[in-house]
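What follows draws every value from the coordinates through simple rules; no lab data is involved. It should be emphasised that the depicted structure is a prediction, and the values quoted were computed from it without experimental measurement. Glycine also receives a Cβ, built like all others from the backbone with ideal geometry; neighbour counts cover every protein chain displayed.
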Amino acid sequence: MPPTARTPRSRWIEAGLDALSRGGPEAVRVEALAARLGVTKGGFYGYFDGRPALLAELLDEWERRCTDDVLARVEAEGGGPVEKIRRAGLLTFTEEVHRIDLAVREWARRDPEVAARLRRVDNTRMDFLRSMFAAFVDDPDEVEARCTLAFALAIGRHFVAVDHPGRTRLEAVGLAGEFLFRP
């Protein structure tokens, strides 16, 4: 009889990120993840020393996906600063990554270590925006204002529950984004 294949580490991480995005860190439970994956929880301990180690890995994966991977892809694909900002926004705030991002933000409200991680990620994002806007805006105060508005728009667009006469929410967000790119 051939040996039973182990559930890959990546599947545990994906299941953990999904649980995090749906219910916060409280939803990331070994037993629940094992049930969702259709495996026993014993395989989990071959990869992780326990739930805290998995939670740390989830934060590492979130950070890698929303900063390192995004910035590497933006640089590899090239283009001007406006194009790079747009691409970074599209890559950073896909529905999947944005759900995880929102869960991490909520978690950071209750956990100082997660808040420090979030601050580091947000600072990386803002540094990128600053370098891009500074390529076509000379005034440092205007650069900072545009970066702050762009970042707030990206993070907060899901929290705004308002009608946009004659436009969809997506169209209104796009219009606001285009306004930020005007010379």
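Helix 95-108 and the longest principal axis of the Cα set of the chain meet at an angle near 80°. Peptide packing for 47-59, 11-23, 165-177 was compared via the average number of neighbouring C-beta atoms within 10 Å per residue; ordered from the highest value, the list is 11-23, 47-59, 165-177. Ordering 46, 164, 16 by the projection of their Cα atoms onto the charge dipole of the chain, which places +1 on the Cβ of Lys and Arg and -1 on the Cβ of Asp and Glu, puts 46 at the extreme positive end. The label-point distance for residue 109 and residue 182, in a model that sets each label 7 Å from Cα toward Cβ, rounds to 3.4 nm. Shown is the FRET efficiency for residue 14 and residue 159, computed with R0 = 25 Å from the Cβ-Cβ distance and rounded to the nearest 0.05: 0.45.
Positive-end ranking of 25, 123, 181 along the dipole of the chain, with charges on Cβ about the Cα centre, is headed by 25.
At what distance in angstrom do the alpha carbon centres of segment 70-99 and segment 108-183 lie from each other? Each part's Cα centre sits 13 Å from the other's. Using a simple spin-label model with pseudo-atoms 7 Å out from Cα toward Cβ, residue 102 and residue 151 lie 2.0 nm apart.
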